[in-house]
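First the structure, in the form of C-alpha cells, and then the observations on it.
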Amino acid sequence: MDIFEIDGPVKLSGTIEVAGAKNAALPIMAAALLAPGETVIPNAPNLADIRSFETLLASLGAAVGRDRTGRLHIDATTIDTPVGEYEIVRKMRASICILGPLLARCGKVKVSMPGGCAIGDRPVDIHLRGLKALGARIYLENGYIVAEAPPGGLVGAQIFLGGPFGSTVLGTDNVMMAATLAKGTTVIESAACEPEVADLAHYLNAMGAKIRGIGSPRLVIEGVTELKPVTRPVIGDRIEAGTFMVAAAITQSRLHIRNCDLDNMVAVADRLRSIGAVVEPADDGCNVVMSGAIGPADITTQPYPGFPTDLQAQFMALLALADGNSVITEKIYPDRFMHVAEMNRMAANLRKEGPNVIVAGVEKLIAAPVMASDLRASAALVLAGLAAHGTTVVQRVYHIDRGYENIEEKLNGVGAAIRRIDV
Ligand code: EPU
C-alpha cells in the first residue's frame, strides 16, 4: 500500500495541467451504453475510478480499452448482461449511473444497491423516483435494484428531482439519459446544474439526443428512437483545478493552472479572492497568486453554482492557516468531515459542531503522520503537507488515486517534494 512523504513548507511556481473531469467522464462512459458502436473519450483521465468503471462496462458485455495515445474506447455494440454486480458497485457509487441507460437500452436492469460511504449515507431514492415517473417498475431483490421498462418502453413525463439537500447530480444524469430514448417529452424540474451534468447533456446531444435548457434547473428532453456513438472530449476537472488553486494559496506561491474554465468556478474564485489571493484568467486557464496573510472566510457548500462540497476539505486546510476565524458549513454531506481530526493532528485548530466547523487560524501547521479517509479529504491532507513544517506522512494514498491523476508528479513538477513509497 502506497504512502506519501511530503516535505514542507515549499514554494511552488510554474504551470500545472488539469486532466479531464472524472465526474464528467464517469456518466459519459455510462452514456456510451445508449448507443451500439464505438464511443471515444480522448481525454478520459487515467484514474482508479475510471478503471473500475471500465471493468463495470466490460462486465456488461462492452469492449473497453485505451489506444496507444491513451484515448478511451467503449464499444457498446453488445450488452448481454445488464447487471451491475455488487463486487464492482460497492467500490464506486458512481456505478449507479448505468441504471438509466441500461433501462432505456435493454428494458430491464439489475444494479446492486450502493451502500453508504465515508462521506455519508448517499441514498438513491430520487434516482428511482425519477425512473418510476418514466413508467419503470422498480423493486429490490437480494440487495439489487431491479428496474423494468413497461412493454411499450419508457414514456416521457414531468419530473421533480429536488431532495432534502437540493438537486442530485447522478440522479439528474440517470433520469436524463433514460429520457433521451423515452417516447414523448420529459421535463426535469430541479435538475442539477453542475458543469459535469451540462457536459453529459452536450455529449448526449452530439449523439443525437434533443435536450434543451442545458445548465439550467429545467431540462426539456424530446425522446428520440436511437443514439449514435461519438468521439468527444470531456471538460477539465474543476475540482482538480480548485485543489491546485489552494496549493498556490496555501504555499504563498504563484501557479498557472491550465485546462481550467474560471466560468465554472465563480464561487471558488470568489472565496479565494476574499482571503486575499489574486485569481486571473490566463492562457487556457488561470493564474493564482498569494502573498501575505491569508484572510479568514466563511464557506457554505451548496449545489452548483454554489461552493462545491468536493473542495470543502481543501479550503479547510487553507483556512487553518488564516489570520482569524472562519466557519465552514456543509450543506450537501453534513458528515463529510473525516479530515478534521487528521488536520488537528497537524496542529490545526478545528472544532466540529454539527454540520459546521469552526476554523481558528493558526500560525503554522506541523507535520505528522495522517490517514486519508476519502478522496477529497486526502487531497486536503496533501495540501496541508505542502505548507506544514517537517515531513508529513499520508497513509492510504489509494483514496487520492481514485480521483487525481499523478498528483505527486504534477505537484513535484512545480516545486513540491512528495515521495510515493510502497510500504
Ligand atoms: N441525495 C438523496 N437522494 C438521492 C440522491 C442524492 O437524498 O437519491 C442527497 C445526497 O445524499 C446528498 C445530496 O443529495 O446529500 C447531493 O448528492 P448527489 O446525488 O448530487 O451526489 P452524487 O451525484 O452521488 C456527485 C459526485 C460527488 C459530489 C456530489 C455533489 C460523481 C461521480 N460524484 O455525487 O463527487 O460530491 O455529486 O456535488 O459525480 C467526489 O468526486 O469526490 C465526489 C464525492
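The values are calculated or read from the model by the stated rules, or taken from the named source; none is laboratory data. Everything numeric here is computed off the predicted structure, so don't read it as measured data. Here the Cβ positions follow ideal geometry from the backbone for every residue, glycine too, while neighbour counts run over all protein chains shown. What goes into the accessible areas is simple: the full protein's heavy atoms, side chains included, and nothing from ligands, DNA or RNA. Shrake-Rupley method; radii C 1.70, N 1.55, O 1.52, S 1.80 Å.
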Rg from C-alpha atoms of the stretch 260-397, normalised by the globular rule of thumb 2.2 N^0.38 Å, equals 1.00
Carbon plus sulfur, as percent of the 1.4 Å-probe accessible area of the chain, comes to 51 percent
Descending packing, highest mean Cβ count within 10 Å first, for 375-385, 258-268, 97-107, 15-25 is 375-385, 97-107, 15-25, 258-268
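Ranked from highest to lowest mean number of other Cβ atoms within 10 Å per residue, what is the order of the peptides 164-174, 295-305, 139-149, 125-135?
Values: 164-174: 22.7, 295-305: 18.6, 139-149: 15.4, 125-135: 21.1.
Result, highest mean first: 164-174, 125-135, 295-305, 139-149.
How much accessible area per residue does the stretch 322-423 have, counting only protein heavy atoms and a probe of 1.4 Å, in square angstrom? Spell out each step's value before the answer.
Working: 4140 Å² over 102 residues.
Accessible area per residue: 41 Å².
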When the charge dipole of the stretch 157-260 is computed with +1 at the Cβ of Lys and Arg and -1 at the Cβ of Asp and Glu, the Cα pointing farthest to the positive end, of Gly162, Met245, Thr172, is that of Met245
Inter-part gap, Cα centre of the stretch 6-23 to Cα centre of the stretch 106-126, in whole angstrom, is 33 Å
Quick calc, the chain, dipole around Cα centre from Cβ unit charges on Lys, Arg (+) and Asp, Glu (-), nearest 20 debye, gives 520 debye
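Quick check on the chain: take the gyration tensor over C-alpha atoms, sort the square-rooted eigenvalues as a ≥ b ≥ c, and tell me if it's rounded (a/c under 1.5), prolate or oblate. Show your work: numbers first, answer last.
Values: a/c = 1.89, a/b = 1.78, b/c = 1.06.
Prolate shape, in that a/c is at least 1.5 and a/b is the bigger ratio.
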Relative contact order of the stretch 60-134 (C-alpha contacts under 8 Å, at least 6 apart) in percent is 23 percent
Pseudo-spin-label distance Ala206 to Ala58, built 7 Å along Cα→Cβ, given in nm, is 2.5 nm
Restricting to Cα pairs under 8 Å and 6 or more apart, the percent relative contact order of the stretch 22-222 works out to 17 percent
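Multiplying the sequence separation of Arg122 and Glu222 by 0.36 nm and subtracting their Cα-Cα distance, what value in nm do you get? Show your work: numbers first, answer last.
On the way: separation 100, 0.36 × 100 = 36.00 nm, distance 2.97 nm.
Once the chain is fully extended between Arg122 and Glu222, it gains 33.0 nm.
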From the Cα centre of the stretch 333-387 to that of the stretch 129-195, the distance in Å is 37 Å
Classified through the alpha carbon gyration tensor (a ≥ b ≥ c as square roots of its eigenvalues; rounded if a/c is under 1.5, else prolate when a/b is larger than b/c, else oblate), the stretch 22-222 comes out rounded
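With respect to the cross-link table entries Lys331/Lys410; Lys22/Lys228; Lys210/Lys331, which display a Cα-Cα separation exceeding 28 Å?
Details: Lys331/Lys410 31 Å; Lys22/Lys228 23 Å; Lys210/Lys331 33 Å.
Correct reply: Lys331/Lys410; Lys210/Lys331.
Accessible area per residue for the stretch 22-222 in Å², computed with a 1.4 Å probe and the full protein assembly in place, what is it? Provide the component values of the computation, followed by the final result.
Values: 7370 Å² over 201 residues.
Ligands and nucleic acids excluded, the result is 37 Å² per residue.
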Check: C-alpha center the stretch 304-319 vs C-alpha center the stretch 204-249, spacing in Å is 22 Å
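Checking the a/c ratio against 1.5 first, then a/b against b/c, what shape does the Cα gyration tensor give for the stretch 90-156? The partial results should precede the final answer.
Details: a/c = 2.19, a/b = 1.96, b/c = 1.12.
Prolate, since a/c reaches 1.5 and a/b exceeds b/c.
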Contact order relative to length for the chain, counting C-alpha pairs under 8 Å separated by 6 or more residues, stands in percent at 21 percent
CD proxy, 222 nm, the chain: helix-only mean residue ellipticity via -39,500 (n - 2.57) per DSSP H run with n ≥ 4, per residue, nearest 500, stands at -8500 deg cm²/dmol
Rounded to the nearest 10 degrees, the helix 22-31 long axis (Cα) sits at an angle to the longest Cα principal axis of the chain of 10 degrees
